[in-house]
Amino acid sequence: MRHDKAVLVIELARRMAASAEGLTLNEMAVEMDVGRRTAERLRDAVLALFPQTEEVSDPPSKRWRIRGGLSGFEQAPTAGELVELSKAAQGLRRTGEHARAAALEGLERKLKSAMRSTTLNRLAPDLEALVRAETIAVQAGPRPSADEAVLATIRRAVLAQSPLGFIYSRPGAEARRRTVAPCGLMFGRANYLVGLDRKSGEIRTFRLDRMTDVRAEEGVSPPPPDFDLTAFASQSFGIYQDQIEDVVLRISPAGADEARGWRWHPTQTLEDGPDGGVTVRFRASGMRELAWHLFTWGDQVEIVAPERLKTVMAEQLAAARRGLERAG
């Protein structure tokens, strides 16, 4: 057996052990990025190497899983994996996400405590060298807040499908108590609760740092049965949700190469122009956040549509100009 095939077999075994319901052959092929025949050969190799593998009937398919997990030998993390975990925790802590950073740091300690001392000693020099050689650049922007107690309360409410009550305060508006059916959390430049407002019947977002007196309430309040958090988040250019519009941007030849490598939006399409420029199209809400981003492109971008984005961009430019004028 070639070395690269051995790696694939061990990786498939890990995925089968990590799945409570097991994997079908089609799922194995997708997760391992191989064809179905190759997935069959890998599965057969796992069955030969791991006799504890179970076949589970799930008509019209079959699933395979490894109950009881794998031994420490097959599961020992690499130096690269441990460094990525450490850097992710470090990045969260630097941006003020202390609760989420603590969760990753706790996971790192559990992994290291489960490793054999000889393995940990062997990895220690590489870990130290990589930690010194890598860092995370913290960019300017809002400082997200995710209080550990608030996160825990929201997550319990999500799991129990219970109503979530809190006092919500926004600049320029009177603080008032809200009750929502919690649908999930979105983490980004600011952290948001996504919930179904019980009064308006609309899905809305609420910044965690503006929520106080957060507590689960009596009763059952599930999210809409057809609600998809990933699809909801993908509607907006950033996080703020409002009217969804068709966006068309024309990038000049000077910025075309960068634009082709940029992830603008999940619905984006790119069209090369005869002059070497690029036209970017997507459907999204959040025109103000998009306008903020377009500032970074300078004169390399032209807003073709929608008109509202042009208006928002002009308003933001006027506001910036007023700030400069006040400064003299």
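Quick note: the coordinates plus some simple rules give every number you see, no bench work behind them. What you see is a predicted model; the values in this text were computed from it and never measured. All Cβ positions, glycine included, derive from the backbone under ideal geometry; neighbour counts span all protein chains shown.
Tabulated data for the structure shown
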quantity: Per-residue [θ]222 nm for the chain (sum of -39500 (n - 2.57) over DSSP H runs n ≥ 4, rounded to 500); calculated: -13500 deg cm²/dmol
quantity: Computed Rg/Rh of region 178-258, alpha carbon atoms with Kirkwood Rh; calculated: 1.11
quantity: Whole-Hz ³J(HN,Hα) from phi, Karplus 6.51 cos²θ - 1.76 cosθ + 1.60, for region 190-206, glycine and proline x; calculated: 9, 9, 10, 8, 9, x, 8, 5, 6, 7, 8, x, 10, 7, 9, 10, 9
quantity: Two-decimal ratio, the chain, of alpha-carbon radius of gyration to 2.2 N^0.38 Å; calculated: 1.25
quantity: Top of 92, 111, 196 by mean-square fluctuation, Gaussian network on the chain, Cα under 10 Å; calculated: 111
quantity: Computed label-point distance, nm, for sites residue 179 and residue 318 using a 7 Å Cα→Cβ extension; calculated: 4.2 nm
quantity: FRET efficiency for residue 148 and residue 34, using Cβ-Cβ distance with R0 set to 56 Å, rounded to 0.05; calculated: 0.85
quantity: Relative contact order computed over the chain (Cα-Cα under 8 Å; 6+ residues apart), in percent; calculated: 10 percent
quantity: Peptide ranges 170-178, 201-209 listed from the most packed, as the mean C-beta count within 10 angstrom indicates; calculated: 201-209, 170-178
quantity: Reachable lysines from residue 5, criterion Cα separation under 25 angstrom, eight or more residues apart if same chain; calculated: 62
quantity: Where only alpha carbons of region 235-328 are counted, the Rg and the Dmax (Å); calculated: 13.9, 44
quantity: Whole-Å distance, taken between Cα centres, linking region 1-66 and region 161-188; calculated: 43 Å
quantity: Highest-first arrangement of 222-229, 34-41, where packing means the average Cβ count within 10 Å; calculated: 34-41, 222-229
quantity: Point-charge dipole on Cβ atoms (K/R +1, D/E -1) for region 3-73, about Cα centre, debye to 20; calculated: 100 debye
quantity: Under 5 Å, built H, 5+ apart or other chain: amide partners of residue 185; calculated: 194
quantity: Amide H contacts under 5 Å for residue 96, placed H, 5+ residues apart; calculated: none
quantity: Estimated D of region 148-225 in µm² per second, where Rh is the Kirkwood radius over Cα pairs and Stokes-Einstein applies at 4 °C, 1.567 mPa s; calculated: 105 µm²/s
